[in-house]
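Enquirer: Have a look at this one before I ask anything.
The values are calculated or read from the model by the stated rules, or taken from the named source; none is laboratory data. Keep in mind the model is a prediction, meaning the values are calculated, not measured. Note that we place each Cβ from the backbone using ideal geometry, even for glycine, and neighbour counts take in every protein chain shown. Only protein heavy atoms, including side chains, enter the accessible area calculation; ligands, DNA and RNA are left aside. Shrake-Rupley method; radii C 1.70, N 1.55, O 1.52, S 1.80 Å.
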Amino acid sequence: MREKLTVIKVGGKIVEEEATLHKLLDDFAAIEGYKVLVHGGGRSATKLATQLGIESQMVNGRRITDAETLKVVTMVYGGLVNKNIVAGLQARGVNALGLTGADMDVIRSVKRPVKDVDYGFVGDVKQVNAEFLGDLIHKGVVPVMAPLTHDGAGNLLNTNADTIAGETAKALAALFDVTLVFCFEKKGVLRDENDDDSVIPQITPAQFKQYVADGVIQGGMIPKLENSFEALNAGVTEVVITLASAINENNGTCIKK
Ligand SMILES: Nc1ncnc2c1ncn2[C@@H]1O[C@H](COP(=O)(O)OP(=O)(O)O)[C@@H](O)[C@H]1O
Ligand SMILES: CC(=O)N[C@@H](CCC(=O)OP(=O)(O)O)C(=O)O
């Protein structure tokens, strides 16, 4: 039987606030067995950009990343957010190692080609170094991955954190029995976004299509679900979308192939 690994992705609203971040870190520290944490930080990047007089623009859930914005996201994701999480986990007895995709060539990407939209310095993932991550994990290290990748030619690229989580889970599925958990500020995928108790327990690809057509699922939830189906089709065992403060309770929305 293959060993189990849990990949947790935590989004910007949770990491921005101290109270929700601390609760998440407590819960993450309590997860038994091998684990990886992938974090976002989009909200914190937007906030710092605004303070610096840099306008933020999102298209289809992706940040338009010009040279100045790239400096901001590098500082926020690779610096502040990542190191805060690593220090918080060390304080909880978790041997965390913060990584961007450039560190040890963990995630290589290519700059997103310009079609209708020029996203600037945004990377599409090409390769995840699962062997290196697997070695670290087997040594008892807990990787904490920031949403930054590199192109191998000296350029850092901004990469959506849900994509980092999905691609990392897919690559590690070659070595482990992987459960991928997207946690955020709601109890799961909701039938009615204004009703916290309207959690949809399971979603199949056909239901997903219908929910999108009906406007039930929108915005950032669309790429999250697309990443989920892709991960399941590429060998990830289980994908769950759930409340950040409930990652160790078996609630939320279970994604089905
Ligand atoms: N049916 C739905 N159920 C829950 N959230 C939804 C739904 N449709 C759209 N959303 C939106 O998706 C957002 C989560 O996506 P995103 O902002 O990308 O998350 P994250 O903070 O994890 O990166 C929620 O904040 C919510 O506004
Ligand atoms: C290219 C791109 O869009 N990158 C994202 C990376 C951060 C992220 O995904 O953060 P959340 O999980 O908090 O949304 C961004 O800059 O917003």
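Enquirer: Counting just the residues of the stretch 1-35 that are touching a Gly at 6+ places or on another chain (Cβ under 8 Å) and part of a loop (DSSP other than H, G, I, E, B), which one comes out nearest to E167 (Cα to Cα)?
Expert: Taking the stretch 1-35 and keeping what is touching a Gly at 6+ places or on another chain (Cβ under 8 Å), we get 3-6, 9-12, 15-16, 21-22, 25, 29.
From what's left, part of a loop (DSSP other than H, G, I, E, B): 3, 11.
Details: E3: 19, G11: 16 Å.
Among them, the one singled out is G11.
Enquirer: Looking only at the stretch 55-67, count how many residues are surrounded by fewer than 16 Cβ atoms within 10 Å (Cβ to Cβ) and of a type in the set (V, I, T).
Expert: 1
Enquirer: Given G93, G120, which one is in contact with an Asp or Glu (Cβ under 9 Å, 6 or more places away or on another chain) and on the phi > 0 side of the Ramachandran plot? Explain how you work it out, then say what you get.
Expert: On the way: G93 fails: in contact with an Asp or Glu (Cβ under 9 Å, 6 or more places away or on another chain).
So the residue among G93, G120 that is in contact with an Asp or Glu (Cβ under 9 Å, 6 or more places away or on another chain) and on the phi > 0 side of the Ramachandran plot is G120.
Enquirer: Taking only pairs six or more apart or across chains, which ones have beta-carbon atoms under 8 Å, a first residue in the stretch 182-201 that is closer than 13 Å to G215 by Cα and of a type in the set (D, E, K, R), and a second residue that is within 16 Å of ligand 2 (Cβ to nearest atom) and open to solvent by 20 Å² or more (accessible area, probe 1.4 Å)?
Expert: Taking only residues 6 or more apart or on different chains, the pairs are E193/K186.
Enquirer: Look through the stretch 2-40, keep the residues that are acidic (D, E) and open to solvent by 60 Å² or more (accessible area, probe 1.4 Å), and return whichever of them is nearest to K224 (Cα to Cα). Full working, then the answer.
Expert: From the stretch 2-40, those acidic (D, E) are 3, 16-18, 26-27, 32; that's our starting set.
Subsequent filtering for residues that are open to solvent by 60 Å² or more (accessible area, probe 1.4 Å) retains 3, 17-18, 26, 32.
Working: E3: 25, E17: 22, E18: 24, D26: 24, E32: 25 Å.
The residue in question is E17.
Enquirer: Right, here's the next one. Would you mind telling me which numbered condition in (1) in contact (Cβ under 8 Å) with a residue 24 or more places away in the chain; (2) open to solvent by less than 60 Å² (accessible area, probe 1.4 Å) L97 fails?
Expert: (2)
Enquirer: Let me ask you something else. Which residues, taken from the stretch 201-241, are among the β-branched types (V, I, T), under 20 Å from K170 (Cβ atoms) and in contact with a Lys or Arg (Cβ under 8 Å, 6 or more places away or on another chain)? Before the answer, list the steps.
Expert: Restricting attention to the stretch 201-241, the residues satisfying the condition of being among the β-branched types (V, I, T) are 203-204, 212, 216-217, 222, 236-237, 239-241.
Filter once more, keeping what is under 20 Å from K170 (Cβ atoms): 203-204, 222, 236-237, 239-241.
Result: I203, T204, V236, I241.
Enquirer: Could you tell me how many of the residues in the stretch 156-172 are of a type outside the set (A, V, I, L, M, F, W, C) and more than 9 Å from ligand 2 (Cβ to nearest atom)?
Expert: In the first step, residues of the stretch 156-172 are kept if they are of a type outside the set (A, V, I, L, M, F, W, C); the result is 158-160, 162-163, 166-168, 170.
Cutting the leftovers down to more than 9 Å from ligand 2 (Cβ to nearest atom) gives us 166-168, 170.
The number of residues fulfilling the criteria is 4.
Enquirer: Do we find a residue being away from ligand 2 (no atom under 13 Å from the Cβ), in contact with a Ser or Thr (Cβ under 6 Å, 6 or more places away or on another chain) and either over 17 Å from G88 (Cβ atoms) or among the hydrophobic types (A, V, I, L, M, F, W, C) (or both) anywhere in the stretch 33-54? Please lay out each step first, then the result.
Expert: At the first step, the residues of the stretch 33-54 found to be away from ligand 2 (no atom under 13 Å from the Cβ) are 33-36, 50-53.
Within this subset, residues satisfying the condition of being in contact with a Ser or Thr (Cβ under 6 Å, 6 or more places away or on another chain) are 35.
Keeping just the survivors that are either over 17 Å from G88 (Cβ atoms) or among the hydrophobic types (A, V, I, L, M, F, W, C) (or both) gives none.
Checked the stretch 33-54: no residue is away from ligand 2 (no atom under 13 Å from the Cβ), in contact with a Ser or Thr (Cβ under 6 Å, 6 or more places away or on another chain) and either over 17 Å from G88 (Cβ atoms) or among the hydrophobic types (A, V, I, L, M, F, W, C) (or both).
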